[in-house]
Each structure stands twice: as C-alpha cells, then as structure tokens.
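Q: I'd like to ask you about the structure that follows.
The values are calculated or read from the model by the stated rules, or taken from the named source; none is laboratory data. Quick caveat, the model's predicted, so the values are computed rather than measured. Here Cβ is always computed from backbone atoms with ideal geometry, including for glycine, and neighbour counts include all displayed protein chains. The area values use the complete protein model at the heavy-atom level, side chains included, leaving out ligands, DNA and RNA. Shrake-Rupley method; radii C 1.70, N 1.55, O 1.52, S 1.80 Å.
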Amino acid sequence: ILRNSTDQSGAFDEARELSLIPFPRDEIFQEKIDTFDVIIVLNFGHEDPGISLARYRGSIENYVRNGGALAYLGGDKSFGEAPSAQNPFEDVLPVATAGLADQAPFVAKLTPEGVRHPVTALGQGAVSSEAAWGALPAIPGMNLTRARPGATVLLAHPSVSVDGAAAPVLAVSELGRGRVLALPTDGSW
C-alpha cells in the first residue's frame, strides 16, 4: 500500500517497515522512468505540493519526447476544476483548460478522425465502432478543454462547444517521438 508523504495517520510504523511505504516518486520519475511503456496520471491533484508531479515535469516531458507515452485522465483535480489554474503538464497535453466543468451526463460522439484511429476502434469497421461508442453508458461530466494545435480529437461532446468546436472528450497528440492522450472527464467506462 503506497502512501503520500503527508499521510501521517499513525497507521504505520516506519521503524518496523509495515506494509505502508512512501510512494517512491524520485525513483520512479527520475531513475526508472525510461523503463515504463506508459505513464498514466489519473485525477492527480497538481495543486498540492505534497503530492505534486510538477517537479518531475522535465523528466516526464523528456521521457515522452524520447518515445514514451503519457495518458492524462482527469476528474475534478486535474483540469479546469483544480484549485490551481496552472496544470504542470498543460504545454504537453493535446488539450488546454477552457473553463469550468460541465456536470451534465452525456454520450461521447466519435469524430471523423476517431472513426479511423486505432485507439477508438471498438468494432469491425466505422459503422460498428460508431454503434459501439453510442451504446456505452453516459459519462457523468467533464472538464471543458480546447484542442491544442496539432492535436487529434477522437471523441467530442455532442452539444457543448468551445471556441466554435465541439469540446474534446478524448484527444491525442505526438511530442517528439512519444505520444500523449488526454481524457478530461469526471469518469469513464
């Protein structure tokens, strides 16, 4: 069981080396980062200095530029609703924060690019994938973002737009030799 450095609940005894251990951030994000196929960041509170990944931004960016992959999945702490407006990965992500969250449930819409992309291929052929995406349960809400230049939006909101375009639900982009994916929703399948 991993714990943050701020978890001082008294449920562990470092001297006796019980099952609760500090999260090995330095080891993972500085020493062993190149051994991973993908780094997945899920609803991470970038505003909290005790658990922030901001100090590892440079090593994570280098990892992606050199062929790694980053999936940034978000809920209330990772995009527009976070107490800190500046996401440390904003310049790397295929989307940028565009406002407050939309809490209305919705069914994501496959974009023309998403019809052809392997990440969103759920069936055999375009018609099958569109039907599969349309049959999934509604997403409970999302943080509003806008696609950055060079991003490919694979899923979009069916009725909410940002800057005249459908709000991105799933977007990908390349960074150097690596790839980045962003899913700014409050939940997913």
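Q: Which condition number does residue 145 fail, the rest of (1) polar (S, T, N, Q); (2) closer than 19 Å to residue 64 by Cβ; (3) free of Cβ contacts under 8 Å to residues at least 24 places away in the same chain being met?
A: Unmet condition: (3).
Q: Which number in (1) modelled with pLDDT of 90 or more; (2) assigned to a loop (DSSP other than H, G, I, E, B); (3) surrounded by 15 or more Cβ atoms within 10 Å (Cβ to Cβ); (4) of a type outside the set (Lys, Arg) marks the one condition that residue 137 misses?
A: (3)
Q: Answer with yes or no whether residue 71 is under 16 Å from residue 188 (Cβ atoms) and part of a strand (DSSP E or B).
A: Details: under 16 Å from residue 188 (Cβ atoms): yes; part of a strand (DSSP E or B): yes.
For residue 71, the condition - under 16 Å from residue 188 (Cβ atoms) and part of a strand (DSSP E or B) - is met.
Q: Would you confirm whether or not segment 163-181 contains a residue that is of a type outside the set (Gly, Ala, Ser), open to solvent by 70 Å² or more (accessible area, probe 1.4 Å) and assigned to a strand (DSSP E or B)? Walk me through it before giving the result.
A: Our first condition is that a residue be of a type outside the set (Gly, Ala, Ser); within segment 163-181, this holds for 163, 168-170, 172, 174-175, 177, 179-181.
Next cut, open to solvent by 70 Å² or more (accessible area, probe 1.4 Å) only: 163, 174, 177, 179.
Retained after the next criterion (residues that are assigned to a strand (DSSP E or B)): 174, 179.
Yes, the conditions are met somewhere in segment 163-181.
Q: Does residue 178 satisfy being out of contact with any helix residue (DSSP H, G or I) (no Cβ under 6 Å at 6 or more places or on another chain), touching a residue at least 40 places away in the same chain (Cβ under 8 Å) and closer than 15 Å to residue 92 by Cα? Steps first, please.
A: Numbers: out of contact with any helix residue (DSSP H, G or I) (no Cβ under 6 Å at 6 or more places or on another chain): no; touching a residue at least 40 places away in the same chain (Cβ under 8 Å): yes; closer than 15 Å to residue 92 by Cα: yes.
So residue 178 fails the test.
Residue by residue, here is whether (1) over 16 Å from residue 181 (Cβ atoms); (2) open to solvent by less than 60 Å² (accessible area, probe 1.4 Å) holds:
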| residue | (1), (2) |
| --- | --- |
| 63 | no, yes |
| 78 | no, yes |
| 88 | yes, yes |
| 101 | yes, yes |
| 127 | yes, no |
| 159 | yes, no |
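Q: Within segment 103-114, take every residue that is among the hydrophobic types (A, V, I, L, M, F, W, C) and in contact with a Leu (Cβ under 9 Å, 6 or more places away or on another chain) and give me the one that is surrounded by the fewest Cβ atoms within 10 Å (Cβ to Cβ). Before the answer, list the steps.
A: Residues of segment 103-114 that are among the hydrophobic types (A, V, I, L, M, F, W, C), as a first pass: 104, 106-108, 110.
Then keep just the ones that are in contact with a Leu (Cβ under 9 Å, 6 or more places away or on another chain); that gives 107-108, 110.
Numbers: 107: 15, 108: 25, 110: 24.
Once the filter is applied, the top-ranked residue is 107.
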